[in-house]
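Remarks on the structure that follows.
The values are calculated or read from the model by the stated rules, or taken from the named source; none is laboratory data. In this text, all values refer to a predicted model and were calculated from it rather than measured experimentally. Positions of Cβ are generated from backbone atoms using ideal geometry, with glycine treated the same way; all protein chains shown enter the neighbour counts. Accessible surface areas use protein heavy atoms only, side chains included; no ligands, DNA or RNA. Shrake-Rupley method; radii C 1.70, N 1.55, O 1.52, S 1.80 Å.
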Amino acid sequence: MKLTHAIEHLQKLIIAQTLAYERLVVESVKHNPWKYWSYVNSKLSNNNKNISAIKTSDGTIEEPTSIAEAFSDFFYQCFNHDSRNISPSNLRSASSESYRPTHTVNKLCQISFDYRDVKCIIKSLPNKRSEDHNGFSYAILKDCADILSYQLSRLFHLSFTTGQLPSDWKRGVILPIKKKTSAISVADYRPISITSCICRVFERLLRNRIESFLEENELISKSQHGFVKGRSTTTALLTYSNDISQSIDNGLCVDVAYFDFSKAFDSVRHDYLIEKLHKSGIQGPILTWIWNYIRNRVQVVNVNGYMSSERSVSSGVIQGSVLGPILFIIFVNDIDECIRSCSILKYADDIRIYRSFDSDIHSQQESGALFQNDINTLVQWVTK
């Protein structure tokens, strides 16, 4: 009986502490929304565990390896195979004509790898014990930061100066993550790439330098609210709400169009990306390293511990990587050049354009034509 009472008491304590913690999480939403949504997402269990069957056009697949191959085939189809075989050394200014900076940009070509900076990055890593395909985890790196930081700084310097990456740094293990609770087909999942923990430390150093460069030179459009310091879904919503409210208060009508690019991160053409990085001022050894980082990559899909065969990666910025988001917003930065008559707001690949106009017939027709022209130009940007 004592044991039973002790177990019941412990269960009550656990429930009470869980409820207390959840109250703190809810209260933190205003000053720390990341903590709130991380906890919510953890409770949704929106992951790739227990994928026991997948429906395809040929029927239902239940054999684990075949499920992994079905995912691999689907994710491979999302890639863009039209990239030209170029390199940073033979870029031509005539390419990507739509992207023309209106001012002379500074250049970012170099980055240093001081062991103290490497150690600082390692110490700031989350305490995750999940391992990459080499058996490393963030927790291991943090435990060994004092020993590894100097050797890793030498390794990073060598990779950067030669522009070469170890083959393990260019291999990704894809985990299919559910987009919705009732996922039944491969299209209901998105790919998240598990990459080398050591390479991710390098990426953090490089990302921090690129972000500082972009911020100092004000190169990222004010319309972009995704993956930009000081901006978020909240700032995007506030900007949009304010603009719409002002129009309504002034007795105006508003046309709005929403766009969500399908497979946006996976279909980024590498040749266009390199050209846009170059025109943004990211050049020299940094550009060469990024070029070798994104090209000639391979991936396998892991479903419940069963691996697919290896497939090449011909396009895209790696979802789940450290550099992927910043590379993507540079890639879509010139979309604003397409919008001549409307306002535009972006959150990564989610875009809305809107235009205010008077309610009389003439204004409606004139504004509608201008609105449609911007939509057509945006569609041309996507399909070029």
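Going by a ≥ b ≥ c, the root eigenvalues of the Cα gyration tensor, does the range 104-255 fall in the rounded group (a/c under 1.5), the prolate group (a/b larger than b/c) or the oblate group? The shape class here is oblate.
Spin-label model, S66/Q110: points 7 Å from Cα along the beta carbon direction are separated by 5.8 nm.
From the alpha carbon gyration tensor of the range 179-290, can you work out the equivalent ellipsoid semi-axes (sqrt of 5 times each eigenvalue) and give them in Å, largest to smallest?
Working: eigenvalues 201, 115, 42 Å².
So the equivalent ellipsoid measures 32, 24, 14 Å along its semi-axes.
In the range 277-377, a dipole from Cβ-located charges (positive for Lys and Arg, negative for Asp and Glu) runs towards its positive end, and of Y306, I353, I294 it is Y306 whose Cα lies farthest in that direction. Considering only alpha-carbon pairs that sit under 8 angstrom and 6 or more positions apart, the relative contact order computed for the chain is 24 percent.
Accessible area per residue for the chain is 55 Å², calculated with a 1.4 Å probe on protein heavy atoms, without ligands, DNA or RNA. Within the range 173-242, the percentage of alpha carbon pairs spaced more than 19 angstrom apart rounds to 61%. Across q = 0.08 Å⁻¹, the chain modelled as identical point scatterers on its alpha-carbon atoms has Debye log10 I(q)/I(0) values of -0.53, in the order of the q list.
Helix hunt in the chain: which complete DSSP H runs extend at least 15 Å axially by C-alpha with mean Kyte-Doolittle at least 0.0? Before the final figure, lay out the partial values.
Working: long enough: 2-27 (37 Å, 0.28); 33-44 (17 Å, -0.91); 64-77 (20 Å, 0.06); 145-162 (26 Å, 0.41); 197-216 (28 Å, -0.05); 233-249 (24 Å, -0.12); 284-294 (16 Å, 0.73); 361-383 (33 Å, -0.26).
Counting only whole DSSP H runs, the qualifying helices are 2-27, 64-77, 145-162, 284-294.
So if each residue of separation counts as 0.36 nm, and I subtract the Cα-Cα distance between D82 and S262, what length gain in nm does that give? Walk me through the numbers before you get to the answer.
Numbers: separation 180, 0.36 × 180 = 64.80 nm, distance 1.68 nm.
Taking 0.36 nm per residue and subtracting the Cα distance, the gain is 63.1 nm.
Dipole magnitude for the chain: computed about the Cα centre from +1 point charges on Lys and Arg Cβ and -1 point charges on Asp and Glu Cβ, it is near 1220 debye.
Counting Lys and Arg as +1 and Asp and Glu as -1 over every other residue whose Cβ lies under 12 Å from the Cβ of S356, the net charge comes to -3.
Taking Rh as the Kirkwood radius, which is the inverse of the mean 1/r over Cα pairs, what is the Rg/Rh value for the range 232-335?
In the range 232-335, Rg relative to Rh is 1.14.
Between A348 and H225, G226, the built amide H atoms are under 5 Å apart, and every one of these is 5 or more places off in sequence or on another chain. The simple Förster model, with R0 at 51 Å and r as the Cβ-Cβ distance, assigns S232 and D360 a FRET efficiency of 0.85. Take every Cα-Cα pair in the range 324-367 and report what % of them are more than 11 Å apart. Within the range 324-367, distances greater than 11 Å cover 71 percent of Cα pairs.
Exposure check, 1.4 Å probe, all protein chains in place: C144 carries approximately 50 Å² of accessible surface.
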